[in-house]
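Below: the structure, in structure tokens.
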Amino acid sequence: MPLSTDGFVIRSASKEDFEGLCALYAQLISHDIPASDDLRRETFDQILVQPGVDVLVADIAGTLVATCMLVKVPNLTRGCAPFALIENVVTHADWRGRGIGKVLMQSATDAAFEAGCFKVMLLSGAANKNAHRFYKDLGFATSKTGFEMRAPGYPTRT
């Protein structure tokens, strides 16, 4: 269900948001690995119907200004409580510092906890101190050490 606050709406992405999301993702990863438009559209269609996956967007009068992906994962530990992952967090450069990202992330964590998730996890580039401060201000803690392994040929980022 959409959440409206101070001129913007937080809602789940729809097929019509493809171009706006691609524009936001270009700001997230400026030198991303290229993919054809057909492949990106096919992948987006898969994301939209994937159980437990939600792409949240902040929309101002039909323009997407921020997004994040929330993934809720079933789990056999913690009393079978699911856990959640947040990925691909970005606010358009022209809209940063206005609280939109904060409301977006609060909406994502609220949705995770309302779904019974016992924790929400995210990774942030090791050198991105502004993002670290942002996440800590939201209540995230550096209580774990993150690890990742990239497939051969995929570039690493810090």
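Scalar couplings 3J(HN,Hα) for segment 9-23, obtained by applying the Karplus form with A = 6.51, B = -1.76, C = 1.60 to θ = phi - 60°, are 10, 9, 8, 6, 5, 10, 3, 5, 8, 3, 4, x, 5, 4, 5 Hz; x denotes Gly and Pro.
Taken one residue at a time, the phi angles of segment 51-58 give Karplus couplings (6.51, -1.76, 1.60, θ = phi - 60°) of x, x, 10, 9, 9, 8, 10, 9 Hz. Gly and Pro are set to x. For an R0 of 30 angstrom, estimate the FRET efficiency from the Cβ-Cβ distance between Phe147 and Ala61 and round to the nearest 0.05. Working from the Cβ atoms, E equals 0.15. Fewest-first ordering of Ile10, Ile86 by other beta carbons within 10 Å of each residue's beta carbon gives Ile86, Ile10.
Out of Thr43, Ile33, Ile86, whose Cα points farthest toward the positive end of the dipole of segment 1-124 (charges: +1 Lys, Arg; -1 Asp, Glu; placed on Cβ)? Highest projection toward the positive end goes to Ile86.
One way to sum up the overall shape of segment 76-158 is the equivalent ellipsoid from its Cα gyration tensor, whose semi-axes run 22, 20, 12 Å, largest first.
Each helix, a run of at least 4 DSSP H residues, gives -39500 (n - 2.57); summed and divided by the residues of the chain, these come to -9500 deg cm²/dmol at 222 nm.
Seen from a random direction on average, the alpha-carbon convex hull of segment 3-137 projects onto 9.0 square nanometres. Scalar couplings 3J(HN,Hα) for segment 114-129, obtained by applying the Karplus form with A = 6.51, B = -1.76, C = 1.60 to θ = phi - 60°, are 5, 7, x, 5, 8, 7, 10, 10, 8, 10, 9, x, 4, 8, 8, 5 Hz; x denotes Gly and Pro. Taking 7 Å steps out from each Cα toward its Cβ at Cys80 and Ala23 produces label points 4.5 nm apart.
Bear in mind these aren't lab numbers, they're just calculated from the coordinates by the rules spelled out. None of these values were measured; they are calculated from a predicted model. We place every Cβ from the backbone using ideal geometry, glycine too, and count neighbours over all the protein chains shown.
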